[in-house]
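**Q** I have a structure I would like to understand better, so I am pasting it below and will then ask my questions one at a time.
The values are calculated or read from the model by the stated rules, or taken from the named source; none is laboratory data. Note that this is a predicted model, so its numbers are computed, not measured. Backbone-built Cβ (ideal geometry, glycine too); neighbour counts: all protein chains shown.
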């Protein structure tokens, strides 16, 4: 796995995964991976109302009291993509990104994206939210 690029706010990173082909020569081929930011756009809705950050992922709803984190430069709405990491866990590819709420990036938690192989590429199957403890 190779991750290239860097970014702030909107990710400009690319992930490159090599899959081993099942043939007698043990060849490898590069396969596409849906970006974390695209997965978050598909699965997650975020908004800020007063001191509350509201996150919806399918039927799951999270309400995070922004004020309990004691950050000093709030932004208009939460964002993702400044910090990303991809890692295989027990044979499954996961991507992680920080949910930030201030500039510089101060986090209220992390989105964990689970990827699945569809025979041609890695597509996000689900997103979960892991809240930071203030």
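**Q** Filter the stretch 104-122 down to the residues that are out of contact with any strand residue (DSSP E or B) (no Cβ under 9 Å at 6 or more places or on another chain) and either more than 15 Å from residue 69 (Cα to Cα) or assigned to a strand (DSSP E or B) (or both), then identify the one that is modelled with the highest pLDDT.
**A** Looking at the filtered set, the residue picked out is 118.
**Q** Something else: Under the condition of being at pLDDT below 90 and not in a strand (DSSP E or B), which residue from the stretch 88-103 is surrounded by the most Cβ atoms within 10 Å (Cβ to Cβ)?
**A** 103
**Q** A follow-up question, please. State which residue is surrounded by the most Cβ atoms within 10 Å (Cβ to Cβ) when the search covers only the stretch 70-87 and only residues that are within 9 Å of the chain's Cα centre (by Cα) and within 15 Å of residue 46 (Cβ to Cβ).
**A** Looking at the filtered set, the residue picked out is 80.
**Q** Conditions first: (1) more than 14 Å from residue 115 (Cα to Cα); (2) assigned to a helix (DSSP H, G or I). Residue 42 passes all but one, so which condition is the exception?
**A** (1)
**Q** Which of (1) out of contact with any helix residue (DSSP H, G or I) (no Cβ under 7 Å at 6 or more places or on another chain); (2) modelled with pLDDT under 95; (3) part of a strand (DSSP E or B) does residue 125 not meet, given it meets every other one?
**A** (2)
**Q** Taking residue 55 as meeting all but one of (1) surrounded by 13 or more Cβ atoms within 10 Å (Cβ to Cβ); (2) outside any strand (DSSP E or B); (3) out of contact with any helix residue (DSSP H, G or I) (no Cβ under 7 Å at 6 or more places or on another chain), write down the number of the exception.
**A** Among (1) surrounded by 13 or more Cβ atoms within 10 Å (Cβ to Cβ); (2) outside any strand (DSSP E or B); (3) out of contact with any helix residue (DSSP H, G or I) (no Cβ under 7 Å at 6 or more places or on another chain), residue 55 violates only (2).
**Q** A follow-up question, please. All but one of (1) farther than 30 Å from residue 134 by Cβ; (2) exposed (fewer than 15 other Cβ atoms within 10 Å of the Cβ); (3) at pLDDT 80 or above hold for residue 38, so report the exception by its number.
**A** Going through (1) farther than 30 Å from residue 134 by Cβ; (2) exposed (fewer than 15 other Cβ atoms within 10 Å of the Cβ); (3) at pLDDT 80 or above one by one, residue 38 breaks only (1).
**Q** If residue 124 passes every condition in (1) over 13 Å from the mean Cα position of the chain (by Cα); (2) closer than 19 Å to residue 19 by Cβ but one, which one does it miss?
**A** With respect to (1) over 13 Å from the mean Cα position of the chain (by Cα); (2) closer than 19 Å to residue 19 by Cβ, residue 124 is out only on (1).
**Q** Just the residues that are in contact with a helix residue (DSSP H, G or I) (Cβ under 9 Å, 6 or more places away or on another chain) and touching a residue at least 24 places away in the same chain (Cβ under 8 Å), please, taken from the stretch 58-77.
**A** 74
**Q** Given (1) in a strand (DSSP E or B); (2) surrounded by 11 or more Cβ atoms within 10 Å (Cβ to Cβ), identify the lone condition not met by residue 67.
**A** (1)
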